[in-house]
1. Hey, what's the chain come to in accessible area per residue, 1.4 Å probe, Å²?
2. Quick query: amide H of residue 208 versus all other amide H atoms, modeled in the peptide plane; which residues come in under 5 Å with a sequence gap of 5 or more or a different chain?
3. Can you list the aspartates and glutamates whose alpha carbon is less than 15 Å from that of residue 85, not counting same-chain residues fewer than 8 positions off?
4. Once you have a ≥ b ≥ c as the square roots of the Cα gyration tensor eigenvalues for the chain, tell me rounded if a/c is under 1.5, and otherwise prolate or oblate according to whether a/b is larger than b/c.
5. State the answer as a single residue: which of 339, 327, 355 lies farthest towards the positive end of the charge dipole of segment 316-358, with beta carbon charges of +1 for Lys and Arg and -1 for Asp and Glu, about the Cα centre.
6. If the cut-off is 19 Å between C-alpha atoms, which lysines fall inside it for residue 284, apart from same-chain ones fewer than 8 positions away?
7. From the backbone phi of segment 204-219, what are the Karplus-calculated ³J(HN,Hα) couplings (6.51 cos²θ - 1.76 cosθ + 1.60, θ = phi - 60°) in whole Hz, Gly and Pro given as x?
8. Need the full-extension length gain, residue 77 to residue 199, defined as separation in residues times 0.36 nm minus the C-alpha distance. One decimal, nm.
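The values are calculated or read from the model by the stated rules, or taken from the named source; none is laboratory data. Just so it is clear, the structure is predicted and the values come from calculations on it, not from any experiment. Backbone-built Cβ (ideal geometry, glycine too); neighbour counts: all protein chains shown. What goes into the accessible areas is simple: the full protein's heavy atoms, side chains included, and nothing from ligands, DNA or RNA. Shrake-Rupley method; radii C 1.70, N 1.55, O 1.52, S 1.80 Å.
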Amino acid sequence: MPYIPNGIIDTALHETVGLKPAANVKTVTVFKATEQSDHYANGVVLAAFKGELYCMWQSSPKDEDSDDTRVLYSISSDEGNTWSKPMVLSAPGMDCYCTSGGWLVNGDTLIAFIDTWQKGLSPRGGKTCYITSTDGFSWSPMQPVRMADGSEMNGVLEQDPYRLPDGRLVGATHFMPGLHICPVYTDDPCGISGWRKGNFESEDISKTSREIEPSQYLRPDGTFVMLFRDQSSSFRKLVSESKDRGVTWTKPTLTTFPDGRTKQCAGNLPDGTSYMVSCPAPAKRRWPLVLHLSNDGIKFDKAILLRSGSLNDLPPRRYEGKYKTLGYSYPKAIAYHQNLYIGYSTNKEDVECTIVTL
């Protein structure tokens, strides 16, 4: 299972875990909250489409997951250095509010997944819908994502389904009632139909599973690895593996990988190197933000500081709101044009993108 060898980081050093700033790392602001704008932002997800970068996030005037939550997006035409004024990707309706479900690119089509959450539902839960575009501006009507039997996906798709070399998509969905995770897979290249549940054993802790908010990468031997946030507050990552392209999975086990009980992201660089981006804190603390690298997908023996917890890097929160966590929340990364782009929210109010030259 994945681990960090001794001496790579020092979690007793809260601001930096002992890492120094790297010359090949820079951060740009996609959206900065102001008095005139929404004050809440989270769930930042990036995609590359037709030579441009796209960034979506959930946005609301003040509080997390409030009934007025919508999905915004912005476009960069210069390798992520500057970004357009935010545009509305999906607005809340009478019965549902919406959050960012992530992107998928299939040839000349950009697919945006929209997680729709029924207002007033207890325990809270939602369904996954999608819209498509060929130009990034004109979007199709919203439709439900469907399972292999034709039924609607009765849960919210996690934001970064992984496309295997043979084209199969593997991801995970938080199924209702509540938010109970299960890996899913489909051979539909657009990811809008044909989804099947993997054979997976989660641990139920009432309204959610213990394992939530996963991300995944592929090891050189073909093993597919899925990492989870541990909602039982071990402050370590959980892991499950599949050797048959997402059909069957090992029972999730606890790693020694420290984690601040927050969403992480993982994937593979173009040369196959496994990466994960997370806050390696053995406490409920969303800083520093660190990129971990591994040649074999097991020993993550390289670490790069992306953002620290120092006063000159992590700004104070400017606006109050429900669940406005201090720090760097919910990173999602993509490799594009010799760079790794990591999108996340800072203090759940500003949308930022850290660019690492590979």
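1. So the chain comes to 40 Å² accessible per residue, rounded to a whole number.
2. 179
3. Result set, ordered by chain and number: 38, 52, 350, 352.
4. Judged from the Cα gyration tensor, the chain comes out rounded (a/c under 1.5).
5. 327
6. Counting by Cα, and skipping residues close in sequence, residue 284 has these lysines nearby: 237, 263, 322, 324, 348.
7. 7, 10, 6, 6, 9, 8, 4, 8, 9, 6, x, 8, 8, 8, 10, 7
8. Value of the extension gain: 39.8 nm.
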